[in-house]
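Read through the structure below, which is laid out as structure tokens, and then see the notes.
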Amino acid sequence: MTSIPSKYNPLLTEDRWYKYWLDQGYFHSEPDEREVYSVVIPPPNVTGVLHMGHMLNNTIQDVLVRRARMLGKNACWVPGTDHASIATEAKVVAKLKAEGIEKNNLTREEFLSHAWEWREKHGGIILEQLKKLGASCDWERTRFTMDDSMSESVISVFIDLYKKGYIYRGVRMVNWDPQAKTAVSDEEVIYKEEQSKLYYVKYKIVDSDNFVTIATTRPETILGDTAVCVHPDDERHRHLKGKKVIVPLVNRVVPIIQDEYVSMEFGTGALKITPAHDVNDYELGIKYNLPSIDIFNDDGTLSEQAGLFVGKDRFEARKLVSEELKKTGQLVKIEDYINKVGFSERTNSVIEPKLSMQWFVKMKELAEPALLNVMNNTIRLYPAKFKNTYKHWMENVKDWCISRQLWWGQRIPAYYINSTNEYVIAKSIEEALVLAKEKTKNQDLTENDLSQDEDVLDTWFSSWLWPISVFDGIRNPDNRDIKYYYPTNDLVTAPEILFFWVARMIIAGYEYIGEKPFKNVYLTGIVRDTQRRKMSKSLGNSPDPIKLIKKYGADGVRVGMLLCSPAGNDLLFEETLPEQGRNFINKIWNAFRLVKQWDVNGNIEQPIHSQKAIEWFDAKLNQSIHLLEDHFSKFRLSDALMVLYKLFWDDFSSWYLEIIKPAFEKPIDKKTFDATIEIFEKLIKLLHSFIPFVTEEIWHYIKERKTGESIMIQLLPEAGKFNENIINRFETMKQVVSAIRTIRKEKNIPIKESLELKIKNNGNDSIKEYYTVLQKLNNLSDVTEVTEKIEDAASFRVLSTEFYIPLGDKVDKEAELLKLTEELNYARGFLKSVMKKLDNERFVNNAPEQVVAIERKKQFDTQAKVKILEERIESLK
């Protein structure tokens, strides 16, 4: 025992085993003849460090990948990071600002050199942290979305989609982030309920002394109004048809239009129309040919076109406009109002709807195969409830704005000719020059006459190719890797990116490979605190995962994360979870040490109770393996872990080991010991994908292993046939053991004091084979069958069998009568509820035959129990 430490110390083992796995190349995969299992990591932002969501997501992926390896599959888990245009550029700009350098004072090349330097310094942090968790990624395949090969793939796809007519350039209403000074997609806008104000403003009717009162939450946009709109059926405003009003403060005369879009219930039923700064107003502007006046600069300050408060921030301008309207007598009143306001997911800045020249992808036709193949279950979502969300999104898909006003990212391959809006699309300026000469018929053009678009592509335009581009499937569609590893098997990700990452990957998969990118999508829940708040740095409720790993060990944290994380449901995290995980690891370690410290004697015969324990646990183990396979097939990883948790903690430790362990300072027979070691090895193999470090450590202690051997490349135990009757009979025996222990506790009889057990089986001999087990577990000097009731004995009943423990003067008749009377009253009440069902003709005639049979059995069993209890009570009187 000196070679096995008394306590398991993850700090001493985890790094050692991870290095061993890396050195042996166990994580690396190359195509071969084996069945493939491939997974691509949802690439975390290169700016990121490990948070609790990453922990959950990557633990789940690692469990699936390690299990696949142990099923004999060629498992490949491709890691990597996302260049995260907006987030990374913001980080680099902030760093430069702290150094006294403004982005505006740098050339594009100078800024990008700073960005790449930042990426080299910080970009690999999160991947190194994943190693601490035990992630068995194929690190030799690590990809970055701005690697040369990846960027080349992105540009190729842009050019291809442009040639197919799916990509176009135009002025459209976009979500503008004034802090990042870029457009963002609809999916990157987070709507929050805000306590706002509703301003009621008077617009004077032309050639009249009357006014129209309009309610708005954004009085600053009055400066860009080009119409007022009312509902054609609104009786209050019928008289306004064909009239005009004067916009307050700027005195612009604008028409009153009628459209059913207006809600008659909101405000006064009259709506100000600002086509340049509201999506719906923009649509009305197109419909009624209204001018658009853009009153905002890119940074959210008022532009020259506003006419007033030029250069003021939009929120300051709101106050100034309100004050000015008050002075002119045009502000009727202000009310408190709760409305939803859009915020940029990346910068948390309030989004400004803005007309802008951008690049777009036409999505409707591209999205059709992606919708069809999820709805027909070619691609399965787990849990399936997300299919409806997916369907809604895909049926209402809008064109995708793919341009971003940034420098960090793949630059749009559009080259403008002589600083005009005329352009060509090409992979390089050399190729662009050839195309430009063809387009203009001007052979005198030079590269100096071309200027490349300043914008970069949306980060999602690179990551939507991820399952293809990591295997170089865009540039080399017939290469060995893409043919072998694609489609991947499972994608583990979060529901909030179901549309703008998952759906787009499916679109790209069918467009470029003609095949789904993955077979299953496992959608995790959100990690929240016990108050159900999403974990975040700003709330201070998110623990540092690396500190948790140092405190509880990676295995402990993995168990803690998975015990309470059913697919699609949120995980309410508290530190008791990894603590519970650590306790489980210690339980396994201590059980192993207990077994290994026993003296083994090859000359001792195997006791019957040990034979029965092995027979039962073998059946229980095979039953559990079948159950595990079912849970994994349905992505019920939390349930799968709980099966193993209970199998080891309850069945193996609390029952099996208690039955087979030798008496104090006595040896164990070799047959039982060998069977126990075999069982232990099967258990840790089943547990390995969940807790890789401690299982590797124990596996090497079980017996001497050769260099290069590892539990992670062993095959999992297969599910064999099992006799369910053995399991059921053992469960019955457990009830007997528990009842005897209860009697000892109630009567204060110590375990060292032996007892006799008398059994009146009433024709039920289901536990007869376990009499020796009962003797071992309960210190029974004798177990005998009787045909009559035993006087002066503590009694209990399991199924139809009566059990008596003769106690002589230890029996308290009054207490025994009280206990039996309580049991009788409960049994009569239960029988009454059963008979109520069976006396109901509708239930008996309409319920499934099996259900009625179960109720009949309850009736007969309970009637027999009532009779036995009545007789027992009578005998004690």
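Read-outs: derived from the displayed coordinates by stated rules, not from any lab. All values reported here derive from a predicted model rather than from experimental measurement. We place every Cβ from the backbone using ideal geometry, glycine too, and count neighbours over all the protein chains shown.
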Exercise for the section: Would you mind computing Rg(Cα) / (2.2 N^0.38 Å) for region 591-667, counting N as its residues? Expected result: 1.33
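Hey, what does the equivalent ellipsoid look like for region 54-199, semi-axes from the Cα gyration tensor as sqrt of 5 times each eigenvalue, largest first, whole Å?
33, 22, 22
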Practice task
Output the relative contact order of the chain, whole-number percent, from Cα pairs under 8 angstrom with separation of 6+ residues.
Solution key: 12 percent
Handout entry: Debye-sum result for region 1-111 in log10 I(q)/I(0), which assumes one identical scatterer on each alpha carbon, at q = 0.17 Å⁻¹
Key = -0.97
Completion exercise
Computed on Cα atoms, Rg of region 815-877 relative to 2.2 N^0.38 Å comes out at 1.35
Problem - Mean Cβ count within 10 Å, highest first, over the residues of peptides 701-707, 775-781 - result: 775-781, 701-707
Problem - Protection-proxy order for peptides 223-230, 192-199, 246-253, each taking the mean of Cβ atoms within 10 Å per residue, highest first - result: 223-230, 246-253, 192-199
Fill in the blank from the handout: Given 130-143, 643-656, 365-378, the highest-first ranking by average Cβ count within 10 Å works out to 130-143, 643-656, 365-378
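According to the Cα gyration tensor, what semi-axes, each the square root of 5 times an eigenvalue, does the equivalent ellipsoid of region 402-552 have, listed from largest to smallest in whole Å?
With the √(5λ) rule applied to region 402-552, the semi-axes are 42, 23, 13 Å.
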Problem - Amide proton proximity set for Leu572, modelled H, under 5 Å, gap of 5+ - result: Arg528
Exercise for the section: Provide, in order from the shortest bin, the percent of all Cα-Cα pairs of region 667-780 in each 5 Å bin, continuing until the bin that contains the maximum pair distance. Expected result: 2, 9, 14, 13, 13, 12, 12, 11, 7, 4, 2, 0
Exercise for the section: Please report the base-10 log of the normalised intensity I(q)/I(0) for region 726-877, using a Debye sum with one equal scatterer per alpha carbon and no solvent, at each q in 0.10, 0.15, 0.21 (1/Å). Expected result: -0.41, -0.84, -1.36
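Given the -39500 (n - 2.57) contribution per DSSP H run of 4+ residues, what per-residue ellipticity at 222 nm results for the chain, rounded to the nearest 500 deg cm²/dmol?
Value at 222 nm, helices only: -13500 deg cm²/dmol.
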Exercise for the section: Evaluate the Kirkwood expression for the hydrodynamic radius of region 178-219, namely the inverse of the mean inverse distance over all pairs of different C-alpha atoms, and round to one decimal in Å. Expected result: 14.0 Å
Fill in the blank from the handout: Taking the square root of 5λ for each eigenvalue of the C-alpha gyration tensor of the chain, the equivalent ellipsoid has semi-axes, largest first and in whole angstrom, of 69, 38, 24
Handout entry: Given Lys364/Lys441; Lys516/Lys682; Lys91/Lys312, the pairs whose alpha carbons are separated by over 28 Å
Key = Lys364/Lys441; Lys516/Lys682
Problem - Beta bridges by DSSP in the chain, antiparallel share as percent, to the nearest 5 - result: 70 percent
Exercise for the section: Send over the per residue convex hull volume for region 203-249, Cα only, as a whole number of Å³. Expected result: 85 Å³
Exercise for the section: May I ask you to derive the relative contact order of region 67-207, considering only C-alpha pairs under 8 Å and at least 6 residues apart, and to give it as an integer percent? Expected result: 27 percent
Practice task
Any chance you could give the angle, 0 to 90 degrees and rounded to 10, that helix 670-688 forms with the longest Cα principal axis of the chain?
Solution key: 10 degrees
Completion exercise
Unit-weight point scatterers at every alpha-carbon of region 756-836, Debye formula, q = 0.12, 0.16, 0.24 1/Å: log10 I(q)/I(0) is -0.43, -0.72, -1.18
Exercise for the section: Using only C-alpha atoms and all pairs of different ones, pull out the Kirkwood radius for region 259-321 in Å with one decimal. Expected result: 13.0 Å
Handout entry: Backbone HN-Hα couplings from phi across region 494-499 [Karplus 6.51/-1.76/1.60, Hz, Gly and Pro as x]
Key = 9, x, 5, 10, 4, 7
Handout entry: Shape metrics for region 311-412, restricted to C-alpha atoms - Rg then Dmax, Å
Key = 21.5, 65
Handout entry: Cα-derived Rg to Rh of region 491-593, Kirkwood definition
Key = 1.12
Problem - C-alpha long axis of helix 724-747 to longest principal axis of the chain, angle in ° - result: 70 degrees
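How many percent of all Cα-Cα pairs in region 277-351 sit more than 17 Å apart?
More than 17 Å apart: 63 percent of the Cα pairs in region 277-351.
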Exercise for the section: Please state, to two decimals, what the Cα-based radius of gyration of region 436-519 comes to when divided by 2.2 N^0.38 Å (N = residues). Expected result: 1.53
Handout entry: Rg over Rh, two decimals, region 719-803 (C-alpha only, Kirkwood Rh)
Key = 0.99
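Out of all Cα-Cα pairs in region 254-294, roughly what percent, to the nearest whole number, are more than 16 Å apart?
On the way: 254 of 820 pairs.
Result for the distance tail: 31 percent.
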